[in-house]
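No value in this document is a laboratory result; all are computed from the given coordinates. As the structure is a computational prediction, the values presented were derived from the model and not from experiment.
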Amino acid sequence: MQPNTISTGKKNSRLNFILATTFIAGSLDIAAAIFIYTILLQKVTAIQILKGIAYGLLGKNSGISEMSLAYIGLVLHYLIAFLFTLFYFLVYRVFPFLKKNVLVSGVLLGIFSWSIMNLLVLPISKAYRAPLTLSGVGMGMSILVVCIGLPIAFLTRHFYKNLLRQ
């Protein structure tokens with residue numbers, strides 16, 4: 001086998017891992033949001049959740065149909081999950097403390113994700129932003145820890161352990 005083939009194979013493997021992890025974490029996150037806010041709390045519909053994501057980029061008066069906004073919101077949701085997955089995948093090799101305790105690393109990634117979204121992204125977006133409350137912060141942060149941080153941390157550790165075995 002030629003060196004380029006091996007290198008390309010590893011790159012494809014990394015990309016496939018990042019995409020699969022994005023799909024898992026993004027799906028867990030949106031499913032949790034829909035379950036909690038639609039079924040348990042009965043505050044909004046699933047379509048409203050997805051439209052709310054799209055509103056962050058496009059604004060409420062974009063003139064786009066409701067279902068199109070929902071699809072755009074879903075794509076944006078997975079794009080955000082992809083960026084957090086890619087970020088963690090890249091920093092995992094740089095910061096050795098992330099390898100020491102995957103549970104702590106996952107919790108930190110979830111808190112980091114919540115902080116970036118709620119303290120940086122949402123304030124500059126066009127999305128409606130409810131006032132921060134202790135229960136809202138706790139709920140949102142818990143969802144991101146469990147659905148984004150922990151899965152990405154555990155899967156990344158698994159990926160790099162398997163890579164070292166090869």
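Data overview
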| read-out | value |
| --- | --- |
| Between 0 and 90°, nearest 10: helix 102-115 axis offset from the chain longest Cα axis | 40 degrees |
| Helix-only [θ]222 nm of the chain, DSSP H runs n ≥ 4, -39500 (n - 2.57) each, per residue, nearest 500 | -23500 deg cm²/dmol |
| Space enclosed by the convex hull of the alpha-carbon atoms of segment 83-160, per residue, Å³ | 90 Å³ |
| Rg/Rg_ref, segment 3-165, where Rg_ref = 2.2 N^0.38 Å and atoms are Cα | 1.12 |
| Segment 43-135: Cα Rg divided by the 2.2 N^0.38 Å rule of thumb | 1.28 |
| Pairs beyond 18 Å (Cα-Cα), from LYS43/LYS126; LYS11/LYS100; LYS51/LYS126 | LYS43/LYS126; LYS11/LYS100 |
| On Cα atoms only, tilt of 3-34 relative to the major axis of the chain in degrees | 30 degrees |
